[in-house]
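Asks: Take this structure first; my questions come after.
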2 protein chains.
Amino acid sequence: MKCVKCGQKAAINMRHHKLALCKDHFLEWIPAQTQRFIEKYRMFSLQDKVLVAVSGGKDSLSLWDILQRLGYQADGLYIGLGIDGGIGYSNESQRLCEEFAKSHGLRLRVVSVGAEFGETIPELSLRTIRGKEKPCAVCGLTKRHIMNRAARDGGYDVLATGHNLDDETATLLGNTLNWIPGYLVRQGPVLEADKPGLVRKVKPLCRIYERDMAAYAILRGIEYIYEECPHAVGSNSIFYKELLNNLEAERPGAKINFYVAFLQAKENGLFAAQADPDLDKLHACPSCGQPTSAPGMCAFCRMTAKA
Amino acid sequence: MKCVKCGQKAAINMRHHKLALCKDHFLEWIPAQTQRFIEKYRMFSLQDKVLVAVSGGKDSLSLWDILQRLGYQADGLYIGLGIDGGIGYSNESQRLCEEFAKSHGLRLRVVSVGAEFGETIPELSLRTIRGKEKPCAVCGLTKRHIMNRAARDGGYDVLATGHNLDDETATLLGNTLNWIPGYLVRQGPVLEADKPGLVRKVKPLCRIYERDMAAYAILRGIEYIYEECPHAVGSNSIFYKELLNNLEAERPGAKINFYVAFLQAKENGLFAAQADPDLDKLHACPSCGQPTSAPGMCAFCRMTAKA
């Protein structure tokens, strides 16, 4: 297999794109694709201050790397969740984020859940109904809260996350199998900051396959944490990813088609304007000032307010 | 495992419904469920004349059996497609439909595609672009045309087909993976006859698992054709069914949840009214008088009009 651009030996063959590339051309192609989607979905410009949520994984560190290469002003945000899981998960991922920032001359902001709220994610989960079965719901809520607050208080124009195509299609499949109107209507490359206090959220890697992001991180020599979060075992998202991987294996391109056709149908007006039940329900949480659709305090402040 | 109704040995355990039943109670339960959905989706009443499209397979013959047991006036329609496939597929399925009708004292109407249009489905497929890869598109178009015409000309109030939950969810998954607005918006247990010349179409088995329909046919002693149509090998619908079977194996009830949540979301106004691009485009075909969205003659008349 040869690189279609230079005829050298290909380092990667992307069947879903019918495209084989050598290492150098692949490492150029991924940022060019990212730039294309940043523009296509009007995510941000070179003038904007971007905050990248980094977890220490391949996607978010690669995104930070790509944004720097493309000339964007992007700081990092690491949220210390206090997850050990027998492998020192949070410690190791924080170390990798800090090393990446240092070696690239980038600024990393760190928020420790344990230091700030007195309890780590596993501790919060043990105490709350939301975390009863798995800490993932507590973790998601906490991360969304902290990401929005850090971006707002730090004066950033936009918060970028490393969600790749596999993440997005797994979410889309889950939202579709359960037909959750609010989630379906809102899912997309950009979540607009349509209420005061909300920061714009964007996913520049939303159209790039997970496998290609892993190849990018490896070929760029980015040191990242290989392990999934120990709590992710048996999660819905991993289950849906496997299902979509089976589909993709039979029909290369099925994932990107699923996602792009969804965006296209949405843009063409498939969904009714009033289909989002949470629309217009947001108000400021009296405790933290962040927007919430819950009556009274937001779900995060209720969770962290000790009994 | 015991029958939840009488404590006798269960003949079937339906994990998706958390319900185990003995033979007798299962053979009562399936018609009761069917009756429930006929009422819920307002399909037809005891006064209506129903035409059941029968293929000789387990679903359509069982549906005919169930409708007779429930006291409905239901004639059968068999469409002779002229498919042999080395197993005498059409001959055998016609024989089974005729025997079922005779033994149950029911009226069967037979339309032979070959006798009526001079060419069987395999012959039509060889000659047309639509049938180039597989005859399935030609077959689907032909069946839809003949079913509607036979129901309209025979003075029936409604046409019933044997589509089961697995058929419906496979179609829904295909429509979802490709986000085809018109198909998504129109899919449901009832297709209204909202244009002159169109006959109302209903699917009384749409919420019953394929596996349960097979059990019903076997336990009722209905003789049906076990073979799939020889042209169905490698079809999208079979591929999607396998994918959903994998999902169902991990999460019993996933199929029924997928379908019912879809219907609920649709009823709650998820889709925009204008999302169906073919809405209001139908007019009468100048050749056969049946409604069509194509300009001029309908796709069927164009296909069967010899060059």
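The values are calculated or read from the model by the stated rules, or taken from the named source; none is laboratory data. What you see is a predicted model, and the numbers here were worked out from it, not measured in a lab. Heads up, the Cβs are rebuilt from the backbone with ideal geometry, glycines too, and the neighbour counts pull from every protein chain shown. All accessible areas refer to the heavy atoms of the entire protein, side chains included, with ligands and DNA or RNA removed. Shrake-Rupley method; radii C 1.70, N 1.55, O 1.52, S 1.80 Å.
Asks: Per residue in segment B:163-179, which ones lose no less than 10 Å² of accessible surface when going from chain alone to all protein chains (1.4 Å probe)?
Replies: SASA drop of 10 Å² or more in segment B:163-179: B:Leu173, B:Thr176, B:Leu177, B:Asn178, B:Trp179.
Asks: Another one. With a sphere of radius 15 Å drawn around the Cβ of A:Glu39, what net charge do the other residues whose Cβ falls strictly inside it have (Lys, Arg +1; Asp, Glu -1)?
Replies: After counting each charged neighbour, the total is +4.
Asks: Against the globular-protein guess of 2.2 N^0.38 Å, express the Cα radius of gyration of chain B as a ratio, rounded to two decimals.
Replies: My calculation over the Cα atoms of chain B gives 1.01.
Asks: Expected output is a single nm value to one decimal: the length gained when fully extending between A:Glu223 and A:Lys134, i.e. 0.36 nm times separation in residues minus the C-alpha distance. What is it?
Replies: 29.2 nm
Asks: At 1.4 Å probe size, with every protein chain present, just tell me what the per residue accessible area of segment A:1-135 comes to in Å².
Replies: That works out to 51 Å² for each residue.
Asks: While we're looking at this one, here's another question. B:Leu198: net charge of surrounding residues, Cβ under 10 Å, Lys/Arg +1, Asp/Glu -1, itself excluded?
Replies: The answer is +2.
Asks: Testing the spin-label approximation: label points 7 Å from Cα along Cα→Cβ at B:Met297 and A:Asn178. State their distance in nm.
Replies: My value for the distance between the label points is 5.1 nm.
Asks: Given the convex hull of the Cα atoms of the protein assembly as shown, what is a quarter of its surface area in nm²?
Replies: Mean orientational projected area (the protein assembly as shown, Cα hull): 33.6 nm².
Asks: Just to confirm the numbers: A:Gly114, label point 7 angstrom along the Cα-Cβ line, distances to the other copies in nm, shortest first?
Replies: Shortest to longest, the spacings are 7.8 nm.
Asks: Kirkwood hydrodynamic radius of segment A:209-270 from all distinct Cα pairs, in Å?
Replies: The Cα-based Kirkwood calculation yields 14.0 Å.
Asks: How many nm separate the modelled label positions at A:Leu46 and A:Arg69, each set 7 Å beyond the Cα in the direction of the Cβ?
Replies: Label at A:Leu46, label at A:Arg69, 1.8 nm between them.
Asks: Quick one: compute the contact order of chain B, relative version, from alpha carbon pairs under 8 angstrom and 6+ residues apart, as a percent.
Replies: 19 percent
Asks: Going by a 1.4 Å probe on protein heavy atoms, which residues of segment A:245-267 end up with at least 40 Å² less accessible surface in the whole assembly than in their chain alone?
Replies: Relative to the lone chain, where solvent access is computed with a 1.4 Å probe, segment A:245-267 loses at least 40 Å² at A:Leu247, A:Arg251, A:Phe258.
Asks: Additional query: Could you give the C-alpha radius of gyration of segment B:152-307 expressed as a fraction of 2.2 N^0.38 Å, taking N as the number of residues it contains?
Replies: Relative to the 2.2 N^0.38 Å estimate, segment B:152-307 comes out at 1.19.
Asks: Quick one: accessible area per residue over segment B:251-299, 1.4 Å probe, rounded to a whole number of Å²?
Replies: Averaged over the residues of segment B:251-299, the accessible area is 47 Å².
Asks: On a 0 to 90° scale, report how tilted helix A:23-40 is relative to the longest principal axis of chain A, with both axes built from alpha carbons and the result rounded to the nearest 10.
Replies: Roughly 50 degrees, rounded to the nearest 10.
Asks: Quote the accessible area belonging to B:Ser90 in square angstrom, nearest 10, computed with a 1.4 Å probe and with ligands, DNA and RNA left uncounted.
Replies: Solvent-accessible area, nearest 10 Å²: 10 Å².
Asks: Can I ask one more? Where in segment B:33-69 does the amide nitrogen come within less than 20 Å of the point 7 Å from the Cα of B:Asn91, taken along Cα to Cβ?
Replies: Once the point is set 7 Å along Cα→Cβ of B:Asn91, B:55-57 turn out to lie under 20 Å by backbone N, inside segment B:33-69.
Asks: Between A and B, buried accessible area summed over both sides at probe 1.4 Å, in Å² to the nearest 100?
Replies: For chain A against chain B, roughly 2400 Å² becomes buried.
Asks: Can you give the local net charge around A:Pro295? Use residues other than it whose beta-carbon is closer than 11 angstrom to its beta-carbon, Lys and Arg +1, Asp and Glu -1.
Replies: With Lys, Arg at +1 and Asp, Glu at -1, the net is +2.
Asks: Output the 0 to 90 degree angle, nearest 10, between the alpha-carbon long axis of helix A:236-250 and the longest principal axis computed from the alpha carbons of chain A.
Replies: It works out to around 20 degrees.
Asks: Continuing with this model, one more query. Summarise the accessible area of segment A:1-67 (1.4 Å probe, protein heavy atoms) by the percent that is carbon and sulfur.
Replies: 47 percent
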